[in-house]
1. Dipole of the stretch 135-278, Cα-centred, from +1 at each Lys and Arg C-beta and -1 at each Asp and Glu C-beta, to the nearest 20 debye?
2. Using a 10 Å Cβ count of at most 11 others and DSSP loop calls, identify the longest part of the chain lacking such GluC sites (Glu not before Pro).
3. Nearest 0.05, what FRET efficiency do ILE138 and GLU117 give at R0 = 41 Å with Cβ-Cβ as r?
4. Taking the solvent-accessible surface of protein heavy atoms with a 1.4 Å probe, what is the per residue accessible area of the chain in Å²?
5. For the stretch 82-275, give the percent of accessible area contributed by carbon and sulfur heavy atoms, probe 1.4 Å, rounded to a whole number.
6. Divide by every residue of the chain the summed helix terms, -39500 (n - 2.57) for each DSSP H run of at least 4, and state the resulting mean residue ellipticity at 222 nm, rounded to the nearest 500 deg cm²/dmol.
7. With axes computed from alpha carbons, what is the tilt in degrees of helix 10-21 against the longest principal axis of the chain, rounded to the nearest 10 within 0 to 90?
8. I need to check one value: relative contact order of the chain, counting alpha carbon pairs closer than 8 Å and at least 6 residues apart, in percent.
Amino acid sequence: MITVMGATGRTGSRICQTLLEAGVAVCALGRNAERLASLAAAGARIAVGESHDAAFLTEDYREQQAAQGEAILTAIRDSGVRRVVFLSSVGAEVPSGTGPIISMHDHEQRLRQLPPEMDVLMLRSGALFENLYGALEIVRAYDCYSDAVAPDVPVPMVATRDVADAASRALLEHDWQGVVIREVLGQRDISYAQATRLLGAAIGRPDLPYVPVSPQELEGALRDAGCSASVAACYAELGEAISSGRVRAQEARSPANTTATPFEDFAQDWAKAYRALP
Ligand SMILES: NC(=O)c1ccc[n+]([C@@H]2O[C@H](COP(=O)([O-])OP(=O)(O)OC[C@H]3O[C@@H](n4cnc5c(N)ncnc54)[C@H](OP(=O)(O)O)[C@@H]3O)[C@@H](O)[C@H]2O)c1
């Protein structure tokens, strides 16, 4: 039996489907029975529950993540799980100044406390293409895309399905021992300016501009949009961390960390979603 946390998510749902198709018994963990229903219909055992309550009692992002991380570690220990694939991120080796990636750094450290006979794979992916669905409304409202990442910094960007497939393959083949780190870097590095041009081209706007803002401006915009102070500060810090190279791949590109799906494929899906905006 393989247990998938975040089974209703973009990556988790594809991992569940792949494992079920391979004939493996899957326990899909989620917070909402309705969102888990399609996995139950596909043959997964489902388990519904909230993560540790402390997570909902604190405003601080890192504290919130720590409470969840501790609960997950306890569950792994108590359940007799023997191997873990953790969806981590490029930059998780850096202990501070990386925004939301800090929680993945912290969780990697927690997983290292598991008994030495356990096999733990830290799958460090680049930025998921699908994050850019968040650009749909911005492009429509402002006729540009905007973020706090410098325009020409090459960023490893990867399709969710390629990360899910790397995780599924590892779970099915169990081709590592002990604590191992693997990067999943996508088909090629793409800058935010290039990504914006490619998305623009897919909607007939090849000149769509990318407008970089300062981390402070992003933080203010996120606060105005209703994010908590700690989440807004976190994402502003991420922009600076990518621009400065603090968050970057550690491995040289190789067939092992390079995946198939080009950004252009995602741009077509993104354009469909753009055209379907109400
Ligand atoms: N986005 C990136 O660029 C990026 C890069 C590197 C690594 N990653 C990591 O990759 C992982 C998967 O990303 P994704 O885009 O596939 O995620 P996603 O689509 O946003 O899905 C998140 C999943 O986590 C569950 N979840 C969220 N908060 C939870 C909580 N407090 N307790 C229990 N379950 C909770 C959600 O369940 P519900 O259906 O109940 O909401 C959902 O199943 C994440 O851990 C992310 O940090 C992401």
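The values are calculated or read from the model by the stated rules, or taken from the named source; none is laboratory data. Small disclaimer: the values here were computed from a predicted structure and weren't measured. Glycine gets a Cβ as well: all are built from the backbone with ideal geometry, and neighbour counts include every protein chain shown. For accessibility, only protein heavy atoms count, side chains too; no ligands or nucleic acids. Shrake-Rupley method; radii C 1.70, N 1.55, O 1.52, S 1.80 Å.
1. Values: 13 positive and 20 negative charges, 42 e Å.
I would put it at about 200 debye.
2. Longest gap between qualifying sites, sites excluded: 118-278.
3. Details: r = 48 Å, r/R0 = 1.17.
Taking R0 as 41 Å, the efficiency between ILE138 and GLU117 is 0.30.
4. Details: 13700 Å² over 278 residues.
Per-residue value: 49 Å².
5. Looking at the stretch 82-275 in its full context, I get 53 percent from C and S.
6. Numbers: 10 runs with 122 residues, N = 278.
Mean residue ellipticity at 222 nm (helix-derived): -13500 deg cm²/dmol.
7. On a 0 to 90 degree scale, this one is about 40.
8. Values: 475 pairs, mean separation 53.4, N = 278.
Relative CO of the chain lands at 19 percent.
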